[in-house]
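The values are calculated or read from the model by the stated rules, or taken from the named source; none is laboratory data. Here the structure is a predicted model, which is why all the values come from computation and not from measurement. Note that each Cβ is placed from the backbone with ideal geometry, even for glycine, and that neighbours are counted across all protein chains shown. Side chains included, ligands, DNA and RNA excluded: accessible areas come from the protein's heavy atoms. Shrake-Rupley method; radii C 1.70, N 1.55, O 1.52, S 1.80 Å.
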Amino acid sequence: MTTMLAARAQQGAAGLHLDKIEIPELGPHDVLVKVASAGLAPGMMTLLAQGAFKHLPTTLGHEAAGTIAAIGDAVDSVAVGARVRVHPNLNCRECGFCRSDRDMMCPQQAMIGHAAFGEIPMPLYDRYHDGGLAEYVRVPHWLVDALPDTVSFDVGAKVHDLANAVRALKCAALPNAATLIVTAATGTMGTATIKLAAHFGVARLILVGRSAERLDAVRQLAGEVATDVVALDTLPDDWATTGGLTRALRALVPHGADAVLDFIPDGPASTQSLAALTTGGTLVHMGANRAPLALPYIAIMVNCWRVVGTRACTRTDAREVLDLLAAGALSIDDLITHRFPLAQADVAVAALQSRVEPIWMAVVTP
């Protein structure tokens, strides 16, 4: 067999196309992964519309797990048949960022099957821009991690999202027995954070989301961590302009929360959550919200608040997640609510974007 099915983005097209393309040829340092499961992220279509994909047509999908189908001549770190997950972050591995566990800040940083974030030449992205929404994906051998036998391919495909949540939790610099606000709590990143909260010593969660019904459904993910919810659809109609979310959060935590992990993609909820922090608290933003920060800087100064922006995760974060999964200390099978065949990748992306029904995490199986 020399061809495969792949879900591709085309120049000038808004959706995905299922195409028959050649299986990629391997260079000496490459491996070919037969994809068993590929994760989906709604943000990839937004980035596609914004022109962040530098090579079109291209196969989308930055999250993948499967088995090694072939290896290049110079590869001795992994064998054919090995179960692996693909780490999608492409970086130089040599700069100060890469050598200090900040590899997502590398000037070369881009993602397999996803976007490139810089304007400099990116030879790795040029070669490895095709992603995992396909029957096979070619990656450099140093970007595969062994997947424990006890961890399913579906879970392996979503390690990246869990690692992103780990990075956000680390950036929050939480004190012991912290009170943590999580916005967009019913989405992929929100649910991943809820699952990981206990591992970071969180004593109380306050979950913010649009729907009271959907927030009630995610309460169960918190386990023994005390949990409150604030649903935007239960706030006064003018909450967005009158600080209604801040008041609701302050009613639950009068002295303020220790941190906010903010995954809100738009609107005033980010700023209003920031205003619910305790003195010295931290807001970590990983939601790509384009709304302006609607607080005077003196409020940040007087309250000694920290506002931290972060994108993606490091390889260390991903390996910490794999260790938790391998040890049985973390289980996320219940987070994967939707599975789609590769032939319905366009349907899957549409469902993820519309959010008509609750989707915590979704995967595609070729």
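Data for the structure
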{"read-out": "Per residue value of the accessible surface for region 1-152 (all protein chains in place, 1.4 Å probe), Å²", "value": "42"}
{"read-out": "Listed residues THR186, THR242, THR67, most fluctuating in the chain (Gaussian network, C-alpha, under 10 Å)", "value": "THR242"}
{"read-out": "Spin-label model distance (nm) - THR234 vs HIS338, 7 Å beyond Cα toward Cβ", "value": "2.5"}
{"read-out": "For the chain, built as a Gaussian network whose Cα springs stay under 10 Å, the top-fluctuating residue of ALA163, ALA212, ALA64", "value": "ALA212"}
{"read-out": "Separation of alpha-carbon centers, region 83-116 and region 127-203, rounded to whole Å", "value": "15"}
{"read-out": "Normalised contact order of region 264-319, rounded percent, pairs of Cα under 8 Å and 6 or more residues apart", "value": "40"}
{"read-out": "³J(HN,Hα), Karplus 6.51/-1.76/1.60, whole Hz, each residue of region 293-307, x for Gly, Pro", "value": "6, 9, 9, x, 4, 5, 5, 5, 5, 4, 8, 6, 7, 10, 10"}
{"read-out": "Potential lengthening between VAL302 and THR3 on full extension [0.36 nm per residue; Cα-Cα distance subtracted]", "value": "101.5 nm"}
{"read-out": "Residues whose placed amide H lies under 5 Å from that of PHE340, excluding near-sequence neighbours", "value": "VAL363, VAL364, THR365"}
{"read-out": "Most mobile listed residue (ASN89, ASN164, ASN303) in the chain, GNM with C-alpha springs under 10 Å", "value": "ASN303"}
{"read-out": "Cα centroid of region 231-264 to Cα centroid of region 302-355, whole Å", "value": "24"}
{"read-out": "Relative contact order computed over the chain (Cα-Cα under 8 Å; 6+ residues apart), in percent", "value": "18"}
{"read-out": "Region 103-180 - Rg and Dmax from Cα coordinates, angstrom", "value": "15.8, 46"}
{"read-out": "Percent carbon-and-sulfur accessible area, the chain, ignoring ligands, DNA and RNA, probe 1.4 Å", "value": "54"}
{"read-out": "Å² per residue, accessible surface of region 245-366 at 1.4 Å", "value": "46"}
{"read-out": "The chain: radius of gyration and largest Cα-Cα distance (Dmax), Å", "value": "20.5, 65"}
{"read-out": "Estimated 222 nm signal from helices in the chain, with DSSP H stretches of n ≥ 4 weighted -39500 (n - 2.57), rounded to 500", "value": "-7000 deg cm²/dmol"}
{"read-out": "Rel. contact order, % - alpha carbon contacts under 8 angstrom, at least six apart, region 87-201", "value": "17"}
{"read-out": "From phi via Karplus (6.51, -1.76, 1.60), per-residue ³J(HN,Hα) for region 59-68 in Hz, x at Gly/Pro", "value": "8, 7, x, 9, 10, 8, 9, x, 10, 6"}
{"read-out": "Charge dipole magnitude, Cβ of K and R +1, D and E -1 - the chain, Cα centre, debye nearest 20", "value": "560"}
{"read-out": "Difference of contour (0.36 nm per residue) and Cα-Cα distance, HIS255 to ASP19", "value": "79.4 nm"}
{"read-out": "Cα gyration tensor shape for region 30-76, rounded if a/c is under 1.5, else prolate or oblate", "value": "oblate"}
{"read-out": "Spatially near lysine pairs across the chain, Cα under 17 Å, sequence gap of 8 or more or different chains", "value": "4"}
